[in-house]
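Have a look at the structure below before the remarks.
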């Protein structure tokens, strides 16, 4: 139980590194997409806008890593001061 915050910190760091590696893969962040033009149909425009609003998996992994790190630090601070 004493070492659990340290394992959580290590897992958080590993998740952040994994997320950055996933983000650096080619094709993982297709933010460019096709520009919206006046010749596009309405359903094509809607599909492009929905695709632009999605959160990439790599960002979710990085967010989970930062959450693990934050919980680990808060846990260790709470144990020290309480």
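Throughout, read-outs are computed from the coordinates displayed, never taken from laboratory work. The model shown is predicted, which means the values in this text are computed figures rather than measured ones.
Per-residue ellipticity at 222 nm computed for the chain from its helices equals -24000 deg cm²/dmol, with DSSP H segments shorter than 4 residues left out and the rest contributing -39,500 (n - 2.57).
Relative to 2.2 N^0.38 Å, what does the C-alpha radius of gyration of the chain come to as a ratio? Two decimals please.
The reported ratio for this selection is 1.65.
At full extension, residue 76 and residue 57 could sit 3.9 nm farther apart than now, given 0.36 nm per residue minus the alpha carbon distance.
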